[in-house]
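The values are calculated or read from the model by the stated rules, or taken from the named source; none is laboratory data. From a predicted model like this one, the values you see are computed outputs, not experimental measurements. Counting neighbours? That spans all protein chains shown, and the Cβs are built from the backbone with ideal geometry, glycine included.
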Amino acid sequence: MTDSFDPSPAAGDRFSFGLWTVGNPGADPFGPAVRPRISPTEIVAGLSKAGAWGVNLHDNDLIPFGASAAKRDQIVADFKQALSDHNMIVPMATTNLFSHPVFRDGAFTSSDAKVRAFAVRKAMRAIELGVELNAKTVVFWGGREGVETDAARDCRDAIQWFRECLDFLCAWTKDQGWDLKFALEAKPNEPRGDIYLATTGHMLAFIETLEHSEMCGVNPETAHENMPGLSMVHAVAQAMEANKLFHIDLNAQKIGRYDQDLRFGSEDLKGAFFLVRLLEGTCNRPAYTGPRHFDAHAYRTEDVAGVWDFATGCMRTYKILAARAKAFDKDSEVQQILADNHADPDGVGSMLTSYSASNRDQLEALQLDADAMAAKGHRYERLDQLAQEYLMGVRG
Ligand code: GLT
Ligand code: MN
Ligand code: MN
C-alpha cells in the first residue's frame, strides 16, 4: 500500500450513522446500560468531527414518545441548529415501530386493525419529521412484524396487511408532493421468533407486489443476512442489479448468532472486502452512489471514548477496503485470470441474450464438447489467494 494513502474519512465519502448506533449505551438482555447516552446534538458534533457526512434517526431517537407539540418543535429546532453548526445532514429517517408495548404483536402486521392504524399514523408523523430535516430516504424495519407461534394468524393476512400499510403510506407521501424513497429492511428473527419477509430476497419479491413499487427498494444489513448464513454480497448485488439498493446498513456479524451489529469489517473481513468492491464498482459495473450507513454499535466494554474509536474504525476500514479492492481489480494477473474465464471468442454469449429463430438455430448448430470444457480448471485458488494478499497488505 502506498505511503500517501490516507484512510481518514471525509464528507465526500458519504458515511452516515444512526443516532441509535453511536448513542447505544451498551444495555443488553442480561444487563443495563454501561455508558451515558450521548445526546443527539453531541452526536452530531462528534460525528462531524470524526469525518462523517450524515446522521440518521428514528422519530423516538430524537423526540420522546408522547412529547408535546411545543417540546417536539424545540427539540427539532435545537437539532437543526446542531446540523447547521456542524455541516451535517440527515439522509434517512425511520419510525420506531418496535419499542412501545402497543407493538408487542406487530405494527403493520398486527391482527388488531387499530394497532395497524396507530402504526401508520406514527409512520406519517416520522415521515413529516424526515421531510422537515430534508431526508431523502425512509427506512422501514419491521422488528415486531412476526410471530412466536403461527397459530396467531394466517401468514398471508400478515403479508396483505403489510402491503396495505405501505401502499397507504406511499400514496399519502405522493399526495403531499414529496419525492421520497422507501427502503425496506429484512431480518430473519430477533426480537420475534420468526419475522415476516425474512431476507432481502423476500423483500425484493414483495416490493414488486406494491402499488407504488417504483418508490420502494431495500436496505440490506450485513448482520441480518449473515445471521442465517446467507451472503450479504449476493443480496446487495441482486438489489443493485434490480436498481433497488436504496440504502445499506453496514456492520459485521458471526454467522448463526444473535444480531451482533459489530464494527464494520470486524468479522468476515473477506466478505466485507467483496462487499465494498461491489459497492464501489467492479468488473465494468456501476458503483452504488447512496449513503454508506453504519448500523452498528461499540462493544459493551467501551466507554464514550471507545464509541468514537468504534465509529472511526467503521469508516477507516471501509476506505481501506475500497483502496485494496481497487488495487486488486487493477492487478494484471487478476485481470488475466478473469479475462481467461470470461473469454468468448465465438460470440456465444450474444446468442443467449434473447430468444429468436436465428439465435435458436445458431445455438442448435454449436459444437459443444462438454468433456473438453469440463477439463479446464478456473484458477480461482490463485485468484482468491491474490485477493487475500491484497487484503493482508502484502501485495499492491
Ligand atoms: C434497530 C435495528 C436495525 C434497524 C434500525 C432501523 S433499528 O436498531 O436493529 O437493524 O436498521 O429501524
Ligand atoms: Mn439495520
Ligand atoms: Mn442488526
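Here is how the numbers come out for the structure above:
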| read-out | value |
| --- | --- |
| Qualifying residue in the range 132-150 (condition: surrounded by 17 or more Cβ atoms within 10 Å (Cβ to Cβ) and farther than 23 Å from residue 221 by Cα) | yes |
| Boolean, residue 76 is in contact (Cβ under 8 Å) with a residue 24 or more places away in the chain, more than 16 Å from ligand 3 (Cβ to nearest atom) and either farther than 30 Å from residue 211 by Cα or not β-branched (Val, Ile, Thr) (or both) | yes |
| Lone qualifier among 109, 21 - being within 16 Å of ligand 1 (Cβ to nearest atom), in contact (Cβ under 8 Å) with a residue 40 or more places away in the chain and part of a helix (DSSP H, G or I) | 21 |
| Condition met for residue 139 (at pLDDT 95 or above and within 16 Å of ligand 3 (Cβ to nearest atom)) | yes |
| The range 124-156 - residue that is in a helix (DSSP H, G or I) and in contact (Cβ under 8 Å) with a residue 60 or more places away in the chain and, of those, farthest from residue 100 (Cα to Cα) | 129 |
| Number of the condition not met by residue 253 [criteria: (1) within 14 Å of ligand 3 (Cβ to nearest atom); (2) surrounded by fewer than 22 Cβ atoms within 10 Å (Cβ to Cβ); (3) free of Cβ contacts under 8 Å to residues at least 60 places away in the same chain; (4) within 20 Å of residue 201 (Cα to Cα)] | (2) |
| Flag if residue 367 is surrounded by fewer than 17 Cβ atoms within 10 Å (Cβ to Cβ), at pLDDT 95 or above and either on the phi > 0 side of the Ramachandran plot or assigned to a loop (DSSP other than H, G, I, E, B) (or both) | yes |
| Residue 237 vs. criteria in contact (Cβ under 8 Å) with a residue 40 or more places away in the chain, away from ligand 1 (no atom under 16 Å from the Cβ) and more than 20 Å from residue 164 (Cα to Cα) | yes |
| Residue match in the range 27-50 (condition: among the β-branched types (Val, Ile, Thr) and part of a strand (DSSP E or B)) | no |
| Test: residue in the range 281-290 that is hydrophobic (A, V, I, L, M, F, W, C) and farther than 25 Å from residue 42 by Cα | yes |
| Residue under evaluation residue 248, criteria (1) away from ligand 3 (no atom under 16 Å from the Cβ); (2) within 24 Å of residue 89 (Cβ to Cβ); (3) of a type in the set (A, V, I, L, M, F, W, C); (4) buried (at least 17 other Cβ atoms within 10 Å of the Cβ), criterion not met | (1) |
| Every pair of residues 6+ apart whose Cβ atoms lie under 6 Å, when the first sits in the range 183-194 and is more than 17 Å from residue 249 (Cβ to Cβ) while the second is among the small types (Gly, Ala, Ser) and more than 11 Å from ligand 3 (Cβ to nearest atom) | 192/146; 194/146 |
| Considering residues of the range 195-215 that are within 16 Å of ligand 1 (Cβ to nearest atom) and in contact (Cβ under 8 Å) with a residue 24 or more places away in the chain only, the residue surrounded by the most Cβ atoms within 10 Å (Cβ to Cβ) | 200 |
| Residue in the range 299-322 that is of a type in the set (Asp, Glu) and farther than 30 Å from residue 15 by Cβ present | no |
| Check on residue 83, in a helix (DSSP H, G or I) and either out of contact with any Cys (no Cβ under 8 Å at 6 or more places or on another chain) or aliphatic (A, V, I, L, M) (or both) | yes |
| Residues satisfying the stated conditions in the range 305-316, i.e. in contact with a Gly (Cβ under 9 Å, 6 or more places away or on another chain) and either over 13 Å from residue 264 (Cα atoms) or surrounded by 22 or more Cβ atoms within 10 Å (Cβ to Cβ) (or both) | 307, 308, 311, 314, 315 |
| Index of the failed condition, residue 60 passing every other in (1) over 30 Å from residue 394 (Cα atoms); (2) surrounded by fewer than 17 Cβ atoms within 10 Å (Cβ to Cβ); (3) without any contact (Cβ under 8 Å) to a residue 40 or more places away in the chain; (4) not small (Gly, Ala, Ser) | (2) |
